[in-house]
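A.B. asks: Dropping the structure in here first, questions after.
The values are calculated or read from the model by the stated rules, or taken from the named source; none is laboratory data. All figures in this text were calculated on a predicted structure; none of them were measured in a lab. In this analysis, Cβ positions are derived from the backbone assuming ideal geometry, glycine residues included, and neighbour counts consider all displayed protein chains. Accessible surface areas use protein heavy atoms only, side chains included; no ligands, DNA or RNA. Shrake-Rupley method; radii C 1.70, N 1.55, O 1.52, S 1.80 Å.
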Amino acid sequence: MDGMSGPHVIRGSVSLPEAELVWRFSRSSGPGGQHVNTTDTAVELRFDLARTEALPEAWKRRALERLAGRLIDGVVTVRASEHRSQWRNREAAAVRLTALLAEATAPPPKPRRPTRIPRGINERRLRQKKQRSETKRGRSPKNWD
């Protein structure tokens, strides 16, 4: 739509084209008094993740896999109705969608490489244990006859 806060950047130079976003407006519940009954302030933003050309293929595959539980026919939907104005709800929905897609397309974390405990550390620990044992043994009564 005209006048939106600019391109919806996911990460780097990849952004969502406005033409692929589908906006729907409805009456919102919540604060606003009579105003709520007359204006369509609730926003539903839909993005067809399965058919988009805006995302690199690897990102799209990753997002489809990670968001599988949220998708309906390959479309991700975000709702916003917490503000009294349609404009602010639109902003909130767009921010929510870009954050969701940024998280879903993020590369997987590097696998953890298990590290070995150096021998010196283990030996020092055992030496300290032995020393502590000697200290405690020295406190116990030898012959209380």
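A.B. asks: For the subset of the range 107-145 comprising residues that are open to solvent by less than 100 Å² (accessible area, probe 1.4 Å) and at pLDDT below 90, which member is farthest from Leu64 (Cα to Cα)?
C.D. replies: Residue satisfying both the conditions and the ranking: Pro141.
A.B. asks: Still on this structure, I have one more. Out of the residues in the range 89-100 meeting the condition of being among the aliphatic types (A, V, I, L, M) and in contact with a His (Cβ under 9 Å, 6 or more places away or on another chain), tell me which one is surrounded by the fewest Cβ atoms within 10 Å (Cβ to Cβ).
C.D. replies: Val95
A.B. asks: Applying the selection to the range 100-120, what residues are more than 20 Å from Ala50 (Cβ to Cβ) and within 20 Å of the chain's Cα centre (by Cα)?
C.D. replies: Scanning the range 100-120 gives Pro107, Pro108, Pro109, Lys110, Pro111.
A.B. asks: Another one. Might you check whether a residue that is of a type outside the set (Lys, Arg), at pLDDT 85 or above and touching a strand residue (DSSP E or B) at 6+ places or on another chain (Cβ under 7 Å) occurs anywhere in the range 30-41?
C.D. replies: no
A.B. asks: Restricting the first residue to the range 89-112 and requiring it to be under 19 Å from Trp59 (Cα atoms) and polar (S, T, N, Q), which pairs with a second residue that is part of a loop (DSSP other than H, G, I, E, B) and open to solvent by 20 Å² or more (accessible area, probe 1.4 Å) meet a Cβ separation below 9 Å and a spacing of at least six or different chains?
C.D. replies: Thr105/Pro56
A.B. asks: Mind listing just one residue for me: the one in the range 71-88 that is of a type outside the set (A, V, I, L, M) and in contact with a helix residue (DSSP H, G or I) (Cβ under 8 Å, 6 or more places away or on another chain) and, of those, most open to solvent (accessible area, probe 1.4 Å)?
C.D. replies: Residues of the range 71-88 that are of a type outside the set (A, V, I, L, M), as a first pass: 73-74, 77, 79, 81-88.
If we keep only those that are in contact with a helix residue (DSSP H, G or I) (Cβ under 8 Å, 6 or more places away or on another chain) as well, we get 74, 79, 81-84.
On the way: Gly74: 13, Arg79: 118, Ser81: 48, Glu82: 94, His83: 53, Arg84: 135 Å².
The extreme case among them is Arg84.
A.B. asks: What residue, among those in the range 50-59 that are in contact (Cβ under 8 Å) with a residue 40 or more places away in the chain and over 14 Å from Glu18 (Cβ atoms), is least open to solvent (accessible area, probe 1.4 Å)?
C.D. replies: Our first condition is that a residue be in contact (Cβ under 8 Å) with a residue 40 or more places away in the chain; within the range 50-59, this holds for 54-56, 59.
Pick out the ones that are also over 14 Å from Glu18 (Cβ atoms) and you get 55-56, 59.
Working: Leu55: 10, Pro56: 54, Trp59: 48 Å².
The residue in question is Leu55.
A.B. asks: Which of the residues belonging to the range 61-76 are within 15 Å of Ala102 (Cα to Cα) and of a type in the set (Asp, Glu)?
C.D. replies: Glu65
A.B. asks: Turning to a different aspect of this structure: Looking at this structure, is Trp23 assigned to a helix (DSSP H, G or I), over 22 Å from the mean Cα position of the chain (by Cα) and modelled with pLDDT of 85 or more?
C.D. replies: No, not satisfied.
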